[in-house]
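Quick notes on the structure that follows.
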Amino acid sequence: MSKLYIVPTPIGNLADMTFRSVEVLKNVDTILCEDTRTSGKLLKHYEIKKPLFSYHQHNEHKVTDALIERLQSGESMACITDAGTPAISDPAFLLVRACAENDIEVDTLPGATAFVPALVNSALPCDKFVFEGFLPHKKGRQTRLKFLAQETRTIVFYESPHRLIKTLKQLLEFFEEERRASVSRELSKMHEETVRGTFTELIQYYETHTLKGEIVLVVEGLAVK
């Protein structure tokens, strides 16, 4: 049956894979992978043997039409990424949109994503929040930070280890110094860590501690006066 499944995969701990996700991956015709080598380890762990197709940010524009044709011919596919939920700062949006435009059914499974546990664990308000993902690396970065400085909801960012200190220093420059923030890394893994404090406190901490793993940075929104 023609259908695209969006299947979240663990962000670190393989035990976070759901029973339904494993079942879907075992029954589709093809699995779209961000990195076939990374996904291969997960699939081997769950004894899943299916044809793999490389689908990532560098080729998604080129291959989407061909994938739609295959789906229209009756093929079933599952899309996974290296970790977390596809389309959340990862490939899948273009394919899901194309499926919607061509009346192809999409079934998105619930599952792992990094920002939800980081947000809850930040101890900052999570009844209302905005997911910002990765900041622009160069062009438009300062403009975006100035805009976000006026956001009253809790703000969630994704960041890499080698850019975290730079980002914290820029937040200190554009936001109020007393704003609280939280840095979560290695979520669900053995060395999981969440550090909370002001921008200055976090900068001081990470200037003397080793930074490894993917990072979720949660920042308090602007206080309404």
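Counting helices only, and only those DSSP H runs with n ≥ 4, report the 222 nm mean residue ellipticity of the chain as the sum of -39,500 (n - 2.57) divided by its residues, in deg cm²/dmol to the nearest 500.
Working: 8 runs with 75 residues, N = 225.
Calculated at 222 nm, the ellipticity per residue is -9500 deg cm²/dmol.
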Computed lengthening from residue 162 to residue 13, 0.36 nm per intervening residue step minus Cα-Cα distance: 51.3 nm
Loop-resident sites, the range 54-99, for trypsin sites (Lys or Arg not before Pro), counting at most 16 other Cβ within 10 Å (DSSP): none
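Mind checking the full-extension length gain between residue 102 and residue 137? Use 0.36 nm per residue of separation minus the Cα-Cα distance, one decimal, nm.
9.2 nm
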Check: the chain dipole with +1 on Lys, Arg Cβ and -1 on Asp, Glu Cβ, in debye: 440 debye
Among 168, 118, 155 the positive-end extreme of the charge dipole of the range 17-169 (Cβ point charges): 168
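For residue 144 and residue 89 in one chain, what is 0.36 nm times their gap in residues minus the Cα-Cα distance, to one decimal in nm?
Values: separation 55, 0.36 × 55 = 19.80 nm, distance 1.70 nm.
Separation in residues times 0.36 nm, less the Cα-Cα distance, equals 18.1 nm.
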For residue 29, residues with placed amide H under 5 Å, excluding near neighbours: 76, 77
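Using a Förster radius of 41 Å, what is the FRET efficiency between residue 36 and residue 120 based on their Cβ-Cβ separation? Nearest 0.05, please. Before the final figure, lay out each step's value.
Details: r = 32 Å, r/R0 = 0.79.
That pair, residue 36 with residue 120, gives E of 0.80.
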Approximate spin-label separation residue 210-residue 23, in nm, with each point projected 7 Å along Cα-to-Cβ: 4.2 nm
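Report for the chain the percent antiparallel among DSSP-assigned beta bridges with both residues inside it, nearest 5. Spell out each step's value before the answer.
Working: 17 of 35 bridges.
So the antiparallel bridges amount to about 50 percent of the total.
Since every read-out is calculated from the coordinates, none of them should be taken as a lab result. Keep in mind the model is a prediction, meaning the values are calculated, not measured. Every residue, glycine among them, receives a Cβ derived from its backbone with ideal geometry; neighbour counts consider all protein chains shown.
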